[in-house]
Amino acid sequence: FLMGDYSTALKAARKASTLNPKNPYAYYYEACIMNVCTEKTFEEESLFEEEPSYEAALSLLKTSLKLRPNLEEELRREGFLDEVFSLLDQEPKDS
């Protein structure tokens with residue numbers, strides 16, 4: 001992901017979540033890739049069943065944070081999902 005090879009990173013994130021569905025980082029990195037691909041043309045569109053969107057990235061981020069809520073501050077500091085965290089911040093907080 002950090003090297004910009006989004007196709008390989010997406011495949012790796014999906015494989016990681018398949019092997020361990022409780023791996024919050026797999027969902028996080030898939031969300032990061034989804035986020036990047038909402039802003040760019042992606043050469044391998046067939047990797048996505050639906051068009052990439054911030055909302056889809058938000059769903060993945062929520063899965064990641066549900067698995068490990070204490071990651072939120074660390075993931076915010078990384079800065080890869082600023083737009084997605086903005087959507088998360090706009091949602092009503094659970095009581």
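The values are calculated or read from the model by the stated rules, or taken from the named source; none is laboratory data. These figures come from a predicted structure and were not determined experimentally. Please note: Cβ atoms are built from the backbone with ideal geometry, for glycine as well, and neighbour counts cover all protein chains shown. For the accessible areas, the whole protein counts, side chains as well, though only heavy atoms, and no ligand, DNA or RNA atoms are used. Shrake-Rupley method; radii C 1.70, N 1.55, O 1.52, S 1.80 Å.
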Place the peptides 54-64, 12-22, 69-79 in order of packing, highest mean first, counting for every residue the other Cβ atoms within 10 Å and averaging per peptide. 54-64, 12-22, 69-79
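Please state the charge dipole magnitude for the chain, taken about the Cα centre, from unit charges on C-beta atoms (+1 on K and R, -1 on D and E), reported in debye and rounded to the nearest 20. All intermediate terms of the calculation are to be shown ahead of the outcome.
Numbers: 11 positive and 19 negative charges, 116 e Å.
The dipole magnitude comes to about 560 debye.
Taking the convex hull of the alpha carbon atoms in the chain, what volume per residue do you get, in Å³? Write down the numbers at each step before the final one.
Values: hull volume 9.6 nm³, N = 95.
Normalising the Cα hull of the chain by residue number yields 101 Å³.
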Summed over the other residues with a beta carbon less than 10 angstrom from that of Ala12, with K and R at +1 and D and E at -1, the charge totals +1
Could you tell me what % of all Cα pairs in region 46-95 have separations over 18 Å? 31 percent
Accessible surface of the chain, 1.4 Å probe, proportion on carbon and sulfur as whole %: 49 percent
